[in-house]
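Before any comments, here is the structure.
The values are calculated or read from the model by the stated rules, or taken from the named source; none is laboratory data. If you're wondering where the values come from, they're calculated on a predicted model, not measured in any experiment. Don't worry about glycine lacking a Cβ; one is built from the backbone with ideal geometry, like all the others, and counts go over all protein chains shown.
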Amino acid sequence: MTHVYGNILGLIGHTPLVKLNRVTNDISATVYAKLESCNPGHSTKDRIALHIIEAAEKKGLLKHGSTIVETTSGNTGFSIAMVSIIKGYQCILAVSDKTKAEKIAYLKALGATVYICPANVAPDDPRSYYEVAKKIAAETPDSIYINQYFNELNIDAHYQSTGPEIWEQTEGKITHLIACTGTGGTLSGSAKFLKEKNPDIKIIGVDASGSILKGFHETGTINHSDIHPYQIEGMGKNLIPSALLFDKIDEFIRVNDELSAHRTREIALKEGIMGGYTTGAVVQGLLQYATTHEFSKEDVVVVIFPDHGSRYITKVYSDEWMTEQGFMNNDVLNDEKVFKT
Ligand code: PMP
């Protein structure tokens with residue numbers, strides 16, 4: 001293999017699986033992490049940005065200088081900005097005014113135009129980032145709105161890449177797939193592919209405490225009392241995304257901010273893998289799942305590590321931030337009682 005590419009987009013996908021050797025020691029299964037931070041934009045969102053933009057190109061919706069619009073300050077924004085640079089498109093992102101200056105600077109460094117919109121207005125308020133993005137997309141000729149929560153190409157990106165990669169990398173031996181769900185695209189697309197190969201593979205979604213996804217999976221209704229603010233970024237939601245195929249998911253696990261933060265730091269210290277906040281969340285989800293489900297030595301578990309820890313240096317990896325949250329003094333990972341709830 002030469003590893004020589006025509007441009008940065010050639011590096012998207014084909015991310016490695018890495019065996020976890022210490023943090024999941026108590027589980028008898030073999031556990032592999034799929035390191036989506038090895039994408040060139042350092043997250044799984046590179047896959048959907050490229051897939052959705054190339055699908056629009058195939059439909060003839062884009063020409064040189066066209067505009068790609070999305071409402072995100074997170075990983076999807078970085079990925080769209082990167083793809084837009086290579087393909088010669090304008091990237092416009094509508095973000096909330098809660099977004100850290102650091103993130104806005106990152107997006108601008110990748111050439112994005114960033115509209116900062118008030119967070120404390122209703123989604124249908126013309127000033128909200130949803131409405132601003134929709135208006136820009138409607139008024140800009142030759143533009144597309146990525147709309148990742150309601151775009152079936154988000155699922156398709158993972159059906160065509162992440163799922164097949166996991167199947168090949170485990171030589172069809174995978175028994176459990178576990179991932180955090182935000183839009184739901186990563187887990188749904190991968191699950192759709194893997195269940196076609198082997199319907200017995202267990203698909204486990206990890207939801208945030210404060211989000212409605214787990215409750216909706218169990219009851220088919222939105223339980224408004226489930227909704228409360230939480231710190232983990234990129235997972236959980238207060239609406240039901242159509243990119244989340246609930247019928248492909250066997251079970252949801254709900255994790256909290258504190259345990260997920262400590263777990264993220266533990267993974268860095270014990271495995272040398274510096275992942276984002278949802279990297280800790282997914283491992284926490286697996287460990288909670290293992291308290292009620294038996295694994296055998298033959299089981300092969302794949303956990304998706306969605307992004308890189310460098311984006312969280314002032315958050316979970318900061319002692320000051322952990323102290324501000326009231327997380328720092330607790331030995332929660334070793335507290336059986338907290339761990340099992
Ligand atoms: N973790 C992080 C850090 C993310 O940015 C996202 C995407 N929102 C996810 C997990 C969940 O991925 P998906 O949207 O495909 O469900």
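Listed by position, the helices (runs of 4 or more DSSP H) inside the stretch 242-341 whose residues that are in contact with a helix residue (DSSP H, G or I) (Cβ under 8 Å, 6 or more places away or on another chain) and within 16 Å of the ligand (Cβ to nearest atom) number at least 1 are 257-271, 277-289. Would you point out the residue of the stretch 105-122, among those that are more than 24 Å from Gly65 (Cβ to Cβ) and within 22 Å of the chain's Cα centre (by Cα), that is modelled with the highest pLDDT? Here the residue is Ala105. Mind checking which pairs have a first residue in the stretch 50-76 that is within 30 Å of Tyr312 (Cα to Cα) and in contact (Cβ under 8 Å) with a residue 24 or more places away in the chain and a second that is within 16 Å of the ligand (Cβ to nearest atom) and among the aromatic types (Phe, Trp, Tyr), Cβ under 8 Å, 6 or more apart or different chains? Going by the 8 Å Cβ cut-off, the qualifying pairs are Thr71/Tyr129; Thr71/Tyr130. For the stretch 297-325, filtering for residues that are surrounded by fewer than 17 Cβ atoms within 10 Å (Cβ to Cβ) and without any contact (Cβ under 8 Å) to a residue 60 or more places away in the chain leaves 6. Filtering Ile178, Ile174 for residues that are more than 16 Å from the ligand (Cβ to nearest atom), within 30 Å of Lys197 (Cβ to Cβ) and crowded, with 20+ Cβ neighbours inside 10 Å leaves a single hit, Ile174. Beta carbons closer than 7 Å, at least 6 apart along the sequence or on distinct chains, pair a first residue in the stretch 217-235 that is in the same structural domain as Arg254 (by the TED database) with a second that is among the acidic types (Asp, Glu) and more than 13 Å from the ligand (Cβ to nearest atom) for Tyr230/Asp257; Gln231/Asp257; Ile232/Asp257. Among the numbered criteria (1) charged (D, E, K, R); (2) under 20 Å from Thr76 (Cα atoms); (3) without any contact (Cβ under 8 Å) to a residue 24 or more places away in the chain, which one does Asp156 miss? Against the list (1) charged (D, E, K, R); (2) under 20 Å from Thr76 (Cα atoms); (3) without any contact (Cβ under 8 Å) to a residue 24 or more places away in the chain, Asp156 comes up short only on (3). Residues that are over 25 Å from Lys87 (Cα atoms) and either of a type in the set (A, V, I, L, M, F, W, C) or touching a His at 6+ places or on another chain (Cβ under 9 Å) (or both) within the stretch 137-175 comprise Glu165, Ile166, Trp167, Ile174, listed in sequence order. Within the stretch 195-241, the residues that satisfy the criterion of being within 12 Å of the ligand (Cβ to nearest atom) and under 30 Å from Gly326 (Cα atoms) are Gly205, Val206, Asp207, Ala208, Ser211, Leu213, Ile232, Glu233, Gly234, Met235, Gly236, Lys237. Quick check on the stretch 64-93: of everything there that is within 16 Å of the ligand (Cβ to nearest atom) and assigned to a loop (DSSP other than H, G, I, E, B), which residue is surrounded by the fewest Cβ atoms within 10 Å (Cβ to Cβ)? Looking at residues that are within 16 Å of the ligand (Cβ to nearest atom) and assigned to a loop (DSSP other than H, G, I, E, B), I get Gly74.
Yes or no: the stretch 117-136 includes at least one residue that is within 16 Å of the ligand (Cβ to nearest atom), surrounded by 21 or more Cβ atoms within 10 Å (Cβ to Cβ) and closer than 23 Å to Glu36 by Cα. Within the stretch 117-136, not a single residue is within 16 Å of the ligand (Cβ to nearest atom), surrounded by 21 or more Cβ atoms within 10 Å (Cβ to Cβ) and closer than 23 Å to Glu36 by Cα.
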